[in-house]
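The values are calculated or read from the model by the stated rules, or taken from the named source; none is laboratory data. This structure is a prediction, so every number in the text was calculated from the model and none was measured. For neighbour counting, all protein chains shown are included, and Cβ atoms are generated from backbone atoms with ideal geometry for every residue, glycine included.
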Ligand SMILES: Cc1cc2nc3c(=O)[nH]c(=O)nc-3n(C[C@H](O)[C@H](O)[C@H](O)COP(=O)(O)O)c2cc1C
């Protein structure tokens, strides 16, 4: 059972990257998580390039998404939306179609008390139009600077909530598998 994790922040001290590292710590077999190393290496989306000469880095990302059973996205909130980095990645992923029916769990960490709610709402809309199965209850992490130490979540209630989100994602993946097995037989 493979989960791909995308981080919308490129900052070395990113709170959202810290959340993904903590999520990776929580994964146990048969689950495996791959944190996509650096969405900042993707070129800006260009439909001409997509049509004529798809960059290898994009093809690889699409393949990793296609091979994953679920997706975990951690987004910062910038100007009441998600980051350009994440939006750019999603634009490249529209054309591949790998997002269809993919169970997706969303988390947002922000220093603000609003916890990145608007970025998650924004992402939910984009992912839904791409055909993803976005879990209704994502995770907001407000005042996240107080909850991260040494690049990991260090706040027990938030870690418990993250564990709960990952359980929800696991259940959605299992349901999707059962439905696809039933359809195939
Ligand atoms: C240009 C810019 C715009 C921001 N806009 C918002 C915002 O609208 N809402 C919010 O909660 N935080 C906002 N922030 C604060 C970010 O949430 C904060 O920098 C956060 O730590 C970024 O995520 P990261 O730690 O994963 O890099 C903004 C920060 C920057 C630099």
Within the stretch 1-40, the residues that are within 15 Å of the ligand (Cβ to nearest atom), touching a strand residue (DSSP E or B) at 6+ places or on another chain (Cβ under 8 Å) and over 25 Å from residue 146 (Cα atoms) are 36, 39
Only one of (1) out of contact with any strand residue (DSSP E or B) (no Cβ under 8 Å at 6 or more places or on another chain); (2) over 18 Å from residue 105 (Cβ atoms) does not apply to residue 171, and that is (2)
When residue 100 is run through (1) part of a helix (DSSP H, G or I); (2) away from the ligand (no atom under 16 Å from the Cβ), the failure sits at (1)
When restricted to 124, 128, 145, the only residue under 26 Å from residue 12 (Cα atoms), without any contact (Cβ under 8 Å) to a residue 24 or more places away in the chain and part of a helix (DSSP H, G or I) is 124
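Looking at this structure, is residue 106 at pLDDT 95 or above, more than 16 Å from the ligand (Cβ to nearest atom), in a strand (DSSP E or B) and within 27 Å of residue 154 (Cα to Cα)? Even if it seems obvious, please write down each step before you answer.
Working: at pLDDT 95 or above: yes; more than 16 Å from the ligand (Cβ to nearest atom): no; in a strand (DSSP E or B): yes; within 27 Å of residue 154 (Cα to Cα): yes.
Answer is no for this residue.
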For the stretch 1-12, pairs from a residue that is under 21 Å from residue 67 (Cβ atoms) and modelled with pLDDT under 95 to a residue that is in a strand (DSSP E or B) and more than 7 Å from the ligand (Cβ to nearest atom), with Cβ under 8 Å and 6 or more apart or across chains, are 1/32; 1/70
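Scanning the stretch 48-62 for residues that are in a helix (DSSP H, G or I) and free of Cβ contacts under 8 Å to residues at least 24 places away in the same chain, which turns out nearest to the ligand (Cβ to nearest atom)? If you could, list the steps in order and put the result at the bottom.
If we filter the stretch 48-62 for residues that are in a helix (DSSP H, G or I), which is where we start, we get 48-52, 56-62.
After this cut, where a residue has to be free of Cβ contacts under 8 Å to residues at least 24 places away in the same chain as well, the list is 48-49, 51-52, 56-57, 59-60.
Numbers: 48: 29, 49: 27, 51: 32, 52: 33, 56: 27, 57: 22, 59: 27, 60: 24 Å.
Across the stretch 48-62, the extreme among qualifying residues is 57.
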- Looking at the stretch 45-62, is at least one residue surrounded by 17 or more Cβ atoms within 10 Å (Cβ to Cβ) and more than 27 Å from residue 31 (Cα to Cα)? yes
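Given 30, 43, which one is on the phi < 0 side of the Ramachandran plot, part of a loop (DSSP other than H, G, I, E, B) and at pLDDT 95 or above?
None of the others qualify; the one that does is 43.
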Is it fair to say residue 138 is away from the ligand (no atom under 14 Å from the Cβ) and loosely packed, with under 14 Cβ neighbours inside 10 Å?
no
When you scan the stretch 161-176, do you find a residue that is within 14 Å of the ligand (Cβ to nearest atom) and more than 15 Å from residue 73 (Cα to Cα), even just one? no
Checklist entry - Right, residue 45: in contact (Cβ under 8 Å) with a residue 40 or more places away in the chain, away from the ligand (no atom under 16 Å from the Cβ) and more than 28 Å from residue 144 (Cβ to Cβ) or not? => result yes
When restricted to 74, 18, the only residue touching a residue at least 24 places away in the same chain (Cβ under 8 Å), crowded, with 19+ Cβ neighbours inside 10 Å and over 20 Å from residue 127 (Cβ atoms) is 18
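Which is away from the ligand (no atom under 11 Å from the Cβ), in contact with a strand residue (DSSP E or B) (Cβ under 7 Å, 6 or more places away or on another chain) and within 30 Å of residue 178 (Cα to Cα), of 67, 121? Walk me through it before giving the result.
Numbers: 121 fails: in contact with a strand residue (DSSP E or B) (Cβ under 7 Å, 6 or more places away or on another chain).
Exactly one residue qualifies, and that residue is 67.
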In the stretch 141-165, anything touching a strand residue (DSSP E or B) at 6+ places or on another chain (Cβ under 7 Å) and either closer than 27 Å to residue 67 by Cβ or buried (at least 19 other Cβ atoms within 10 Å of the Cβ) (or both) is listed as 141, 144, 147, 158, 162, 165
